[in-house]
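The values are calculated or read from the model by the stated rules, or taken from the named source; none is laboratory data. Model, not experiment: these values are computed from the prediction. For neighbour counting, all protein chains shown are included, and Cβ atoms are generated from backbone atoms with ideal geometry for every residue, glycine included.
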Amino acid sequence: MSIIQAIILAIVEGLTEFLPISSTGHMVLTSAILGIENDKFTKLFEVCIQLGAILAVVALYWKKFFDFSKWQFYVKLLLAVIPALILGKLFNDLIDEHLGNPAFIATVLLVGGILLLFVDNWFKRPFINDEKDIDNILAIKIGMYQCLAIIFPGFSRSAATIIGGMQQRLTRSLAAEFSFFLAVPTMAAATGYKLLKFVKEEGSITGEQIKLLGVGNVVAFLVAILAIKFFISILNKYGFRYFGIYRIVVGLVILGLLATGHNLSVL
């Protein structure tokens, strides 16, 4: 992986992490288009730079995120992330297998896009509009929705948790905000696990790899700050419909390319 390829992947990650269109799916497919070898470092890179994008949440919402007087907030995040940690550990090999299958990712993008066309009509009467009204049980339920994105790469962690929040009668804006916060411990844990696993299997991490990870995280962080502000305004104004249409188009294009013999086997 070159530095230019790393920057392109980081831009894709920053733009898509908080949109309900699957950042993982877009990065994997971008890697295929760029001809990046699907080796262990590439898989590590695609996970680790998600943490850089997630830290944009901490920067934008730092007053709330570091309000230690409201310790219940951290308990909710901890409880909500547990289902994903357990499932991610149990099905790590299966997840990696799905990430190497462009047809699977394209299909999940397509099906998820169809679902997003109808989400706004399903949950029309939210009554929870403040984070303090999310109790521990509710947080766990929302966290369980996050597991959909783990089992089905391409579904979108953001889409899964926001839909989960709306199903539990959170307003769209609060569901999106809680999804952002939940991403912080989730991706911190995923990054730590992938790094430890990589070092254990490879013996070490090189200086060049550290540089690529550093550049990738910084670029993803900066791009994600802009993407968060864009997403909240679009979500409040238009809902999920246009994101659904986008996912359907992308999914159909990928399936069409595969059906006509285009080579995405580098995945």
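For every residue, the table says whether it meets (1) hydrophobic (A, V, I, L, M, F, W, C); (2) over 19 Å from the mean Cα position of the chain (by Cα); (3) surrounded by 20 or more Cβ atoms within 10 Å (Cβ to Cβ).
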{"residue": "GLY203", "(1), (2), (3)": "no, yes, no"}
{"residue": "PHE231", "(1), (2), (3)": "yes, no, yes"}
{"residue": "LYS237", "(1), (2), (3)": "no, yes, no"}
{"residue": "PHE243", "(1), (2), (3)": "yes, no, yes"}
{"residue": "VAL249", "(1), (2), (3)": "yes, yes, no"}
{"residue": "GLY261", "(1), (2), (3)": "no, yes, no"}
Being hydrophobic (A, V, I, L, M, F, W, C) and modelled with pLDDT under 85 is the filter here, so list the residues in the range 129-154 that pass it.
CYS147, LEU148, ALA149, ILE150, ILE151, PHE152
Go through the range 41-71 residue by residue and tally those that are β-branched (Val, Ile, Thr) and more than 17 Å from PHE178 (Cα to Cα).
3
In the range 90-104, is there at least one residue being of a type in the set (Gly, Ala, Ser), in a helix (DSSP H, G or I) and more than 22 Å from LEU182 (Cβ to Cβ)?
yes
Per-region count, the range 167-179, residues out of contact with any Ser or Thr (no Cβ under 6 Å at 6 or more places or on another chain) and buried (at least 24 other Cβ atoms within 10 Å of the Cβ):
3
Going by what's in this entry, would PHE221 be described as crowded, with 20+ Cβ neighbours inside 10 Å and either of a type in the set (Asp, Glu) or touching a Phe, Trp or Tyr at 6+ places or on another chain (Cβ under 6 Å) (or both)?
no
So, in the range 1-25, of the ones that are farther than 15 Å from ILE228 by Cβ and in contact with a Gly (Cβ under 9 Å, 6 or more places away or on another chain), which residue ends up surrounded by the most Cβ atoms within 10 Å (Cβ to Cβ)?
SER22
Here is a list of conditions, (1) modelled with pLDDT of 85 or more; (2) within 20 Å of GLN72 (Cβ to Cβ), and ILE163 meets all of them except one; can you say which number that is?
(2)
Single residue of the range 151-168 satisfying the filter (outside any loop (DSSP other than H, G, I, E, B) and closer than 15 Å to ALA190 by Cα) that is farthest from the chain's Cα centre (by Cα)
ILE151
Is it the case, given these coordinates, that LEU148 is without any contact (Cβ under 8 Å) to a residue 60 or more places away in the chain, touching a helix residue (DSSP H, G or I) at 6+ places or on another chain (Cβ under 8 Å), among the hydrophobic types (A, V, I, L, M, F, W, C) and in a helix (DSSP H, G or I)?
yes
Whether any residue in the range 60-82 is over 25 Å from VAL111 (Cβ atoms), in contact with an Asp or Glu (Cβ under 7 Å, 6 or more places away or on another chain), basic (Lys, Arg) and in contact (Cβ under 8 Å) with a residue 12 or more places away in the chain is what I want to check.
no
Close pairs (9 angstrom Cβ cut-off, 6 or more residues apart or separate chains): of a type in the set (Asp, Glu) in the range 96-116, assigned to a helix (DSSP H, G or I) and modelled with pLDDT under 90 anywhere
ASP96/LYS43; GLU97/PHE104
I'd like the full set of residues that are touching a Leu at 6+ places or on another chain (Cβ under 7 Å), among the β-branched types (Val, Ile, Thr) and modelled with pLDDT of 80 or more, limited to the range 16-48.
THR30
